[in-house]
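In what follows, a single structure is set out as structure tokens and then discussed.
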Amino acid sequence: MAEVELRRISKKYDQQMVVHEVNAVIQPGEFFVLVGPSGCGKSTTLRMIAGLEEISTGELLIGGKQMNHVPPSGRNISMVFQNYALYPHLTVQENILFGLQVRKVDKREQAKRLNQTAEMLGLSQLLQRKPRELSGGQRQRVALGRAIVSQHPICLMDEPLSNLDAKLRGQMRTEIRQLQQELGITMIYVTHDQVEAMTMGDRMMVLRDGAVQQVGRPLDVYNHPANLFVAEFTGSPPMNTVHGLWRENNTQSGIEIGSGSDQMLLPLSRVEGVREGASVILGIRPEALQPLPVEQSVSDSTSSDIRRFTVTVQAVEILGSETIVEFELAGARWKAKWNGQWPCRKGETVGVGFDPRQVCLFDQQTGKNLISSAPELKRTDVFQTNAV
């Protein structure tokens with residue numbers, strides 16, 4: 001297995017820079033995910049690794065050797081494309097073996113690899129069929145089989161599940177991850193679906209407009225987003241955010257949100273580098289907002305870890321295993337995600353509580369997460385609100 005290293009990799013078309021100095025070290029045997037919205041440069045980055053796009057500036061190293069000008073055939077990699085790229089006139093068997101035949105691998109070795117791969121992917125009964133006779137999931141397995149049978153130590157995947165329905169995507173996510181672990185290959189996987197990135201990757205790189213926003217383990221990225229974009233991109237529903245002003249004096253500090261009768265001050269520990277009157281954004285994930293009995297929803301105590309308040313329900317989505325409840329607070333629309341089925345109705349008053357250790361604070365101009373780089377909030381730091 002070989003390490004893949006990107007050193008300030010950039011791609012420029014004419015005068016437009018589409019990938020900006022991407023740095024990453026992908027360890028042997030790692031499942032590394034490039035994720036971001038459409039047009040962020042993730043597929044272009046993958047194609048530069050594959051040798052299908054020329055690198056404008058920077059260095060690509062595979063196994064410690066520079067690969068900038070090495071053709072795709074010399075990089076010892078396999079690739080699975082978004083559209084499967086199967087030959088319609090060839091059978092499943094011929095599609096899988098095509099690369100080995102081009103490389104003139106011994107026929108006995110071809111047969112051995114074919115049998116192993118077909119059994120692994122459940123294709124043994126489909127080897128004589130043509131692609132038109134297969135379902136979307138079966139075609140995807142054939143594309144995977146062609147990559148696996150090559151036995152290259154590095155496999156690149158460019159949004160391979162985007163053409164499948166939701167149920168099949170879930171099934172294929174599990175199968176691809178299991179295959180990668182069983183084979184021990186290095187996999188670099190491109191997707192715009194943050195659910196795929198969270199559930200499949202050992203690490204993930206979040207891209208936006210060709211620039212790297214954050215690299216880390218999925219849960220680290222989710223729990224400690226580097227900036228507002230990453231916070232809102234990961235998670236479903238996305239993180240609740242509300243604009244406010246930072247207030248600080250000799251006795252307390254916190255964020256002032258809302259206006260008029262909806263205005264409230266939410267005390268927070270002092271954050272280094274944040275000055276009085278600074279424009280900030282408060283963020284809290286929907287699952288951090290927990291349901292509480294209405295009679296317990298208002299509290300003046302500052303010794304509790306949970307801050308309680310009452311809200312009026314604006315909309316409800318009961319999804320079976322969970323319920324999404326929308327409400328207004330400080331003039332902003334918030335969403336809470338609760339496990340189970342909650343028969344709330346629009347206009348109903350409910351109690352909601354949350355732990356201040358689960359909030360994020362972002363700089364309004366740069367989007368940087370101010371709390372992630374500050375000392376961890378203490379358990380005694382709580383919010384006080386006048387919401388009723």
Of residues in segment 1-46 being more than 18 Å from Arg75 (Cα to Cα) and charged (D, E, K, R), the one surrounded by the most Cβ atoms within 10 Å (Cβ to Cβ): Lys42
Filter pass, Asn23 being within 28 Å of Pro131 (Cα to Cα) and either in a loop (DSSP other than H, G, I, E, B) or out of contact with any His (no Cβ under 7 Å at 6 or more places or on another chain) (or both): no
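On the basis of being touching a residue at least 60 places away in the same chain (Cβ under 8 Å) and surrounded by 18 or more Cβ atoms within 10 Å (Cβ to Cβ), does Ile49 make the cut?
yes
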Which listed residue, of Thr312, Thr302, is modelled with pLDDT under 95, in a strand (DSSP E or B), assigned by TED's automatic domain parsing to the domain that holds Ile281 and of a type in the set (S, T, N, Q): Thr312
Out of the residues in segment 55-87 that are outside any strand (DSSP E or B) and without any contact (Cβ under 8 Å) to a residue 24 or more places away in the chain, state the one that is nearest to Met157 (Cα to Cα). Pro72
Which numbered condition in (1) of a type outside the set (S, T, N, Q); (2) over 30 Å from Pro343 (Cα atoms); (3) assigned to a strand (DSSP E or B) is the only one that Arg275 fails? (3)
Filter segment 321-337 down to the residues that are under 16 Å from Phe354 (Cα atoms) and hydrophobic (A, V, I, L, M, F, W, C), then identify the one that is surrounded by the fewest Cβ atoms within 10 Å (Cβ to Cβ). Ile324
Reported set for segment 108-142 where residues are touching a residue at least 40 places away in the same chain (Cβ under 8 Å), assigned to a helix (DSSP H, G or I) and more than 18 Å from Leu179 (Cα to Cα) is Pro131, Arg132
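Taking the condition assigned by TED's automatic domain parsing to the domain that holds Phe81, free of Cβ contacts under 8 Å to residues at least 60 places away in the same chain and crowded, with 18+ Cβ neighbours inside 10 Å, does Val190 pass? Don't jump to the end; show me each part of the working.
Values: assigned by TED's automatic domain parsing to the domain that holds Phe81: yes; free of Cβ contacts under 8 Å to residues at least 60 places away in the same chain: no; crowded, with 18+ Cβ neighbours inside 10 Å: yes.
When the stated conditions are applied, Val190 does not pass them.
Quick test for you: out of Leu282, Leu268, pick the one residue that is within 30 Å of the chain's Cα centre (by Cα) and modelled with pLDDT under 80. Before you say what the answer is, go through the steps one by one.
Values: Leu282 fails: modelled with pLDDT under 80.
So the residue among Leu282, Leu268 that is within 30 Å of the chain's Cα centre (by Cα) and modelled with pLDDT under 80 is Leu268.
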Identity of the residue in segment 143-174, in a helix (DSSP H, G or I) and small (Gly, Ala, Ser), that ends up farthest from Gly29 (Cα to Cα): Ala166
Being exposed (fewer than 13 other Cβ atoms within 10 Å of the Cβ), in contact with a helix residue (DSSP H, G or I) (Cβ under 8 Å, 6 or more places away or on another chain), assigned by TED's automatic domain parsing to the domain that holds Gly51 and free of Cβ contacts under 8 Å to residues at least 40 places away in the same chain is the requirement here; does Gln178 meet it? no
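The values are calculated or read from the model by the stated rules, or taken from the named source; none is laboratory data. Quick caveat: nothing in here was measured; it's all calculated off a predicted structure. Because the Cβ atoms are built from the backbone with ideal geometry, glycine has one as well, and the counts that use them run over all protein chains shown.
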